[in-house]
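Structure, as structure tokens:
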Amino acid sequence: WPYLIGSTLIHACYYFFLLRAYAHGDLSHVYPIARGLGPLLVAIFSGRLAGETLAWSEAGGVLVVSIGIFGLALGSGLAFAAAWRPTFFAVMTGITIGAYTVTDGLGARVSGDALGYVVWLNLLEGPWILLIAAWKRGAMLIPYLRVHAWRGLAGGFVATMSYGIAIWALSLGAMAHVAALRETSVLFATLMGTLLLGERFGRRRLVAATLVVVGLLAMNLPIGR
């Protein structure tokens, strides 16, 4: 229960920072920073909290990811004054991702039932989001849901399934490895931001996103173990 309650609070912060990041920045700029930072924090803190240690290849992957994240923060060619807000919210999102990944990894292991943990987590965190939406939007919420509810249902289903699989994996294997492989989605998000949302890709952003993926994969190589 302490892990479930803690994760619910962390997820609430995660949703806030994530939505602020998307409101101020491009998907292909924000998403790689947020998702790339999470595994770094998991790799650092899982050793202290779960006794997991990094091999030299994994540490090298951490360094490469760090370089890629820095490149993504500046990869759009925007001046810092114009890009600091989405970058800040993306970094804060990454911090919450690392926090809830470690919390849920430990919680799923303690519970002994990853599926049960996932169900309780969704039951605890879901109603608060709806209540906040009702408080912020009031009478506007019902007509909005009539038109756009399918998007929320589709996104909620995909998010629940994907993170449920991640929690199950966290209960079985090293958290740093699971978190790293999960975040290889950054390259796909960068491509979708360009192809579907019309966002500028750019050579620097391509190189930076590729570095993040290469670094995350390097963290899972068996070299040096």
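The values are calculated or read from the model by the stated rules, or taken from the named source; none is laboratory data. This is a predicted model, so every value here is computed, not measured. All Cβ positions, glycine included, derive from the backbone under ideal geometry; neighbour counts span all protein chains shown. Ligands, DNA and RNA are stripped out before the accessible areas are found, and what is left, the full protein with its side chains, is counted by its heavy atoms. Shrake-Rupley method; radii C 1.70, N 1.55, O 1.52, S 1.80 Å.
Looking for whichever is touching a residue at least 60 places away in the same chain (Cβ under 8 Å), open to solvent by 50 Å² or more (accessible area, probe 1.4 Å), farther than 24 Å from residue 95 by Cβ and touching a helix residue (DSSP H, G or I) at 6+ places or on another chain (Cβ under 7 Å) here; the options are 211, 197. Which one fits? Walk me through how you get there before you give the answer.
Details: 211 fails: farther than 24 Å from residue 95 by Cβ.
Checking each option against the conditions leaves just 197.
I'd like to check something: does the stretch 68-79 contain any residue that is touching a Gly at 6+ places or on another chain (Cβ under 8 Å), of a type outside the set (Asp, Glu), open to solvent by less than 40 Å² (accessible area, probe 1.4 Å) and at pLDDT 80 or above? Write out each step before concluding.
Of the residues in the stretch 68-79, the ones touching a Gly at 6+ places or on another chain (Cβ under 8 Å) are 68-69, 72, 75-77.
Imposing the further condition that a residue be of a type outside the set (Asp, Glu) reduces the set to 68-69, 72, 75-77.
Okay, now just the ones that are also open to solvent by less than 40 Å² (accessible area, probe 1.4 Å), so 68-69, 72, 75-76.
If we keep only those that are at pLDDT 80 or above as well, we get none.
There is no residue in the stretch 68-79 that is touching a Gly at 6+ places or on another chain (Cβ under 8 Å), of a type outside the set (Asp, Glu), open to solvent by less than 40 Å² (accessible area, probe 1.4 Å) and at pLDDT 80 or above.
Look at residue 198 and say whether it is outside any helix (DSSP H, G or I) and on the phi > 0 side of the Ramachandran plot.
On the way: outside any helix (DSSP H, G or I): yes; on the phi > 0 side of the Ramachandran plot: yes.
In short, yes.
Which residue is nearest to residue 121 (Cα to Cα), if the candidates are limited to the stretch 1-36 and must be open to solvent by less than 20 Å² (accessible area, probe 1.4 Å) and among the hydrophobic types (A, V, I, L, M, F, W, C)?
Applying the filter and picking the extreme gives 4.
Anything in the stretch 169-193 that is within 11 Å of residue 31 (Cα to Cα), open to solvent by less than 40 Å² (accessible area, probe 1.4 Å) and not hydroxyl-bearing (Ser, Thr, Tyr)? List them, or say none.
183, 186, 189, 193
Look at the stretch 103-121 and say how many of its residues are open to solvent by 10 Å² or more (accessible area, probe 1.4 Å) and within 29 Å of residue 69 (Cα to Cα).
So the answer is 2.
Do you know which of the residues in the stretch 141-167 that are among the β-branched types (Val, Ile, Thr) and over 15 Å from the mean Cα position of the chain (by Cα) is surrounded by the most Cβ atoms within 10 Å (Cβ to Cβ)? Talk me through it step by step, then tell me what you get.
At the first step, the residues of the stretch 141-167 found to be among the β-branched types (Val, Ile, Thr) are 142, 147, 158, 160, 165, 167.
Cutting the leftovers down to over 15 Å from the mean Cα position of the chain (by Cα) gives us 142, 147.
Details: 142: 11, 147: 8.
The selected residue is 142.
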